[in-house]
Amino acid sequence: MSERRRGIGRRRFLLGMLAGTAGLALYCGVRSTGASERSVPQLDDVEGALKPNVYITVTPDDRVIYACDKQEMGQGTMTGLAMLVAEELEVPLERVEVFFADSSAKYGPMATGGSSGLNGAYAGLLAAAAAARMMLIGAAAKQWGVDAGSLRAEDGKVIDDAGSRSASYGELVAAARELPVPQEPELKTRDQHKVIGTSPRRIDARAKVTGTAAFGIDLSVPNMAKAAMIHPPRPGATVASIDDAEAKQQPGVVDVIVSERGVGVVAERYWQAARAARLVKVEWTEGTMAEFCTESLRLEMESCDRKRSRVALDEGDVDSAEGTLIEAVYEAPYLAHAPMEPLNAIAHVQGDGCDIWTGNQGPTGIQEAAAEYLGIERHDVLVHTPYLGGAFGRRSHPDAVLDAVELSKAVGRPVQVIWSREDDMRGGRYRPQAWAHIYGRIDGGGAVSALGFDTISQSIMGELGGVLSGLLPDSMPPQLRRWLTYNGARLIGSNALMADIISTEGATHLGYELPNHRVTYMNIKAPISVIWWRSVGFSINTFVVESFIDELAHAAEQDPYQFRRNMLGGSPRWLGVLDAVAELSGWGKTELPEGTARGIAVVEAFGSFCAQVVEARVDDGQIKVSKVYAALDCGLAVHPDLVVSQVEGGVIFGLTAALWGEITVEDGQVQQGNFDDYRLMRMHETPEIVVKLIEGASEPGGVGEPGVAPIAAATGNAIFALTGKRLRRMPLQAEYERQMAANKQS
């Protein structure tokens, strides 16, 4: 699909859903509880300060404080957002004090994901800072009896060049507080930017280098106990019998708690709890599907009846298109997120509410989940968010939080739950396993006359009820919030209403000029929980589509780069990154070392455009990627160095999964448990990564995930160019070995 024809995307769908449900809430009547939110003093609670909005505070002693309602999980969002404040408020970046805001309805739904941390807040935060600047200038103009247009702000001061005078912001705060807040503040133009577009040092760099940055696992509160969990070995399994006598006799053990979520061993120290947990003898029920295995799911996907498929996109007439038919089947496995900081949470349940400290991607969703469990109002739960040691979608679910809430309620004191790596690997939520049949036709002129894509996987949307209810307003009755989101997710997950837009992203709305294009989807049920994984549907479907585009190029006897280029005439930003990465890599011009080949892929994802070229070889049967070139058009790069870092991180993350990542299940149990059997890329295995940024639109797109999406296809395409073997199943290394073994047997 060219850029001229836009369809509904994930973000538009979710925003539309929220708008619709908010409208329903107003229609049903906004309730008034009369209760105030649970809160504690924040950094911006300064007497006499100027607070034109919930984000910006300027104090009488000349401090500039920014309340960050987004989560910092290593991607640099807090630095980028602070740069927006510094830009419009005309203060040096180092003057901006940033703190992570506690959960509060005044910020609206608080969540960070979908590569939207910075670009989702961009326009609003610029306006918030600009409003403060205009009020300070207005205060100076009133004091000096001059027109505000004759004054300027610079370095935290308002300056009157004509009168040779200036005043610091702190000196103007009292007067500025008396002025109305501008409703349409005037923003600086792009050529006036001094901070945006530069690459200053990250504001969290010193804390992280010196080890003073507080992550969730580092936190402690008075009288806090610690807990280790014993989770069921299979989905749906519960405790049939337990012998915890020996565990309870161990030093420091407070209690052993049995729940629907497993068994919690609470002790004064974590390692006391972990050691005692090994002594607990548990007999489990079989669970929901004790005999489930991923290999049987593969066979079911391949052979199942497709009558329930729903159309996600249908342009032209794929069935009537003429040309040589090319078709293939591609597969992707379950994947774990494996963030470096294990899941953890502190909960303190008290008579009047609950406090929670945890690294998370959605404080409002955490509030909602805890409130639902405890039977209290959402505003009676206060969530404190520290730094996150990685997330990738995993920390959008409150699993560890609910463990902590349950245990705190049981023992009557604050409890910190720490999941082991094995807890998360074997009892977590995963990127879905997927199967796709893709087919196309090449006409007599070597052009694509049709492209069809038929995929099957578990519905991510179908499992988002609890997460989405946290995005609905607090003014809506909780029963209505939960009814709407749980039933809405269930309806979408049933495949009766529409195709899951998350499960089909990357296959719909392509930049290619395709006269006939159809995408269909069918959900499949399995006992494994699925959720967002960095780049979500793009991580699967871009692998399928961009690998198959290479297959079509090969069938048409055309160069893969030129073949793509010929179809992108109506998509200038797609074409821009494709041409840029071809030039960057010397595609078709630079000779490669013997035994090395190149592959190429391109994608539009999360409001940005990314193309990659991979140089790969095979050494002793092992796929080795030596170099990756990436071109990214993310519109406006607020902090170019951070953008490059995100592309580099995305390449490493995506390449790790493409080569080796796989979660397998046998007899209902996940087989992987730690990094010894769920392999991550090591430093010596990391390829050289060369990134080029292309200036595009005037506002930023997402950058955390677009670099993940094309890497699997580009790598597989390189291996095909090298060996003639088309790797249509991830992980690619295992598929390569399967093909080699099959060749030996034949």
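What follows is calculated from the coordinates using simple rules that are stated; it is not laboratory data. The structure presented is a predicted model; accordingly, all values stated were derived computationally and were not measured. We place every Cβ from the backbone using ideal geometry, glycine too, and count neighbours over all the protein chains shown.
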Protection proxy ranking of 153-165, 321-333 - average other beta-carbon atoms within 10 Å, highest first: 321-333, 153-165
14 Å cut-off, amide nitrogen to a point 7 angstrom out along S259 Cα→Cβ, residues in the stretch 381-402: 398-402
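Please report how many Lys pairs in the stretch 56-209 have alpha carbons closer than 22 angstrom, counting only residues at least 8 apart along the chain or sitting on separate chains.
5
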Neighbour-count ranking [beta-carbon atoms within 10 angstrom, fewest first] of D424, D676: D676, D424
For L118, L472, order by how many other beta-carbon atoms lie within 10 Å, fewest first: L472, L118
Trypsin sites (Lys or Arg not before Pro) lying in DSSP loop within the stretch 642-746, provided at most 14 other Cβ fall within 10 Å: R682
Whole-Hz ³J(HN,Hα) from phi, Karplus 6.51 cos²θ - 1.76 cosθ + 1.60, for the stretch 84-93, glycine and proline x: 5, 4, 4, 4, 7, 8, 6, 10, x, 4
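Can you put W574, W660 in order, fewest other beta carbons within 10 Å first? List each step's numbers first, then the result.
Values: W574 26, W660 18.
In order of increasing Cβ crowding within 10 Å: W660, W574.
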Proximal aspartates and glutamates to K226, defined as alpha-carbon separation beneath 15 angstrom and excluding residues fewer than eight positions away on the same chain: D218, D255, E268, D403, E406
Sequence-distant lysines (8 or more away, or on other chains) whose Cα lies within less than 17 Å of K627: K589, K692
Backbone N under 19 Å from the Q350 label point (7 Å along Cα→Cβ), restricted to the stretch 453-480: none
Radius of gyration, Dmax [the stretch 56-209; alpha carbons; angstrom]: 15.9, 49
Whole-angstrom gap from the stretch 181-235 to the stretch 655-670, using each part's C-alpha centre: 30 Å
Hits among lysines - C-alpha to C-alpha of K307 under 21 Å, sequence gap 8 or more where chains match: K525
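Rounded to the nearest 5, what % of DSSP beta bridges with both residues in the chain are antiparallel? The partial results should precede the final answer.
Numbers: 83 of 112 bridges.
In the chain, DSSP labels about 75 percent of beta bridges as antiparallel.
Suppose R0 equals 30 Å. What FRET efficiency, 1/(1 + (r/R0)^6) with r the Cβ-Cβ distance, do E422 and E300 give to the nearest 0.05?
That gives a FRET efficiency of 0.60.
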Using θ = phi - 60° and Karplus 6.51 cos²θ - 1.76 cosθ + 1.60, couplings along the stretch 48-59 (whole Hz; Gly, Pro as x): x, 7, 8, 10, x, 7, 6, 9, 10, 10, 10, 9
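Starting with the highest mean, order 237-244, 666-673, 368-375 by the number of other Cβ atoms within 10 Å, averaged over the residues of each peptide.
Details: 237-244: 14.6, 666-673: 17.2, 368-375: 20.1.
Descending packing order for the listed peptides: 368-375, 666-673, 237-244.
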Whole-Hz couplings from phi, Karplus 6.51/-1.76/1.60, listed for the stretch 108-125; x for Gly and Pro: x, x, 9, 7, 9, x, x, 6, 10, x, 8, 5, x, 9, 3, 5, x, 6
The stretch 251-317 versus the stretch 681-695: alpha-carbon centroid distance in Å: 35 Å
Gain in span if fully extended, A105 to Q183, counting 0.36 nm per residue against the direct Cα distance: 26.0 nm
Sequence ranges 591-602, 354-365, ranked by mean other-Cβ count within 10 angstrom, highest first: 354-365, 591-602
Alpha carbon centroid spacing (whole Å) that separates the stretch 118-150 from the stretch 56-98: 15 Å
